[in-house]
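Trainee: First, the structure itself, so that you have it in front of you.
Readers should treat all values here as calculations from the given coordinates under stated rules, not as data from a laboratory. For clarity, every value in this text was computed on a predicted model and none was experimentally measured. All Cβ positions, even for glycine, are placed from backbone atoms using ideal geometry, and neighbour counts span all protein chains on display.
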Amino acid sequence: MVDRMQQGCRLGERGNNMDDLDLKAMTGQNTPQLRKHPRVRVAAPFPCSLARVGVTRKGAAEQGLGIIFDVSTKGARVMTEAVITPGDRIAMNLRFPDQTTAMVIEAATVRWGKEYTYGVEFEGLSAATNQHLQSVITHLSQSGPVLTA
């Protein structure tokens, strides 16, 4: 798992799907906007914790730690060893860089998964949480590429 996370942190190497993207595509120049809520790739992936809510599976890890690689106002891409599958509902604590307190996401749904990497969609964010998330994303977008595809 750690090796996979380290591989995911090294941009531009074979196997992480960045080889075929050029700078214009990464910054959204000359490309159509495909996402309603563009993701921001974080320059230094940051930690999170997550816990499955609702249904439990015998012998499965109900909670775990993860690493966030990109984030938007509606979701994130997370790498974790926790046992989650598309459709699962989870709660998350996000530890953004330069933040003293973790942001609590009370409800998110796992939308897709591939090996140890998952896409999650945030649900029912309060106005205050949404505003805080937007300000963090604005700050992060000034130091990293915005992903539109």
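Trainee: What residues have an amide H closer than 5 Å to that of S72, excluding those fewer than 5 places away on the same chain, when H is modeled at 1.01 Å from N in the peptide plane?
Mentor: Answer set, sorted by chain and number: V40.
Trainee: If each of H132 and A102 carries a label point 7 Å out from its Cα toward its Cβ, how far apart are those two points in nm?
Mentor: 1.3
Trainee: Could you run the Karplus curve 6.51 cos²θ - 1.76 cosθ + 1.60 with θ = phi - 60° over region 136-142 and give me ³J(HN,Hα) per residue in whole Hz, x for Gly and Pro?
Mentor: The phi angles translate into 5, 5, 4, 4, 5, 5, 6 Hz.
Trainee: Taking the Cβ of L94 as the centre, find all other residues whose Cβ is under 13 Å away and add up their charges (Lys, Arg: +1; Asp, Glu: -1). Working shown, then result.
Mentor: Values: positive: R77, R95; negative: D70, D98, E106.
In short, -1.
Trainee: Just to confirm a number: summing +1 for Lys and Arg and -1 for Asp and Glu over residues other than A107 whose beta-carbon lies under 12 angstrom from that of A107, what do you get? Before the final figure, lay out each step's value.
Mentor: On the way: positive: R52, R89; negative: D88, E106, E121, E123.
Around A107, the charge tally is -2.
Trainee: Shifting gears a bit: With a ≥ b ≥ c taken as the square roots of the eigenvalues of the C-alpha gyration tensor of region 77-127, please select rounded if a/c is under 1.5 and otherwise prolate if a/b is larger than b/c or oblate if it is not?
Mentor: Values: a/c = 2.52, a/b = 1.42, b/c = 1.77.
Oblate, since a/c reaches 1.5 and b/c is not below a/b.
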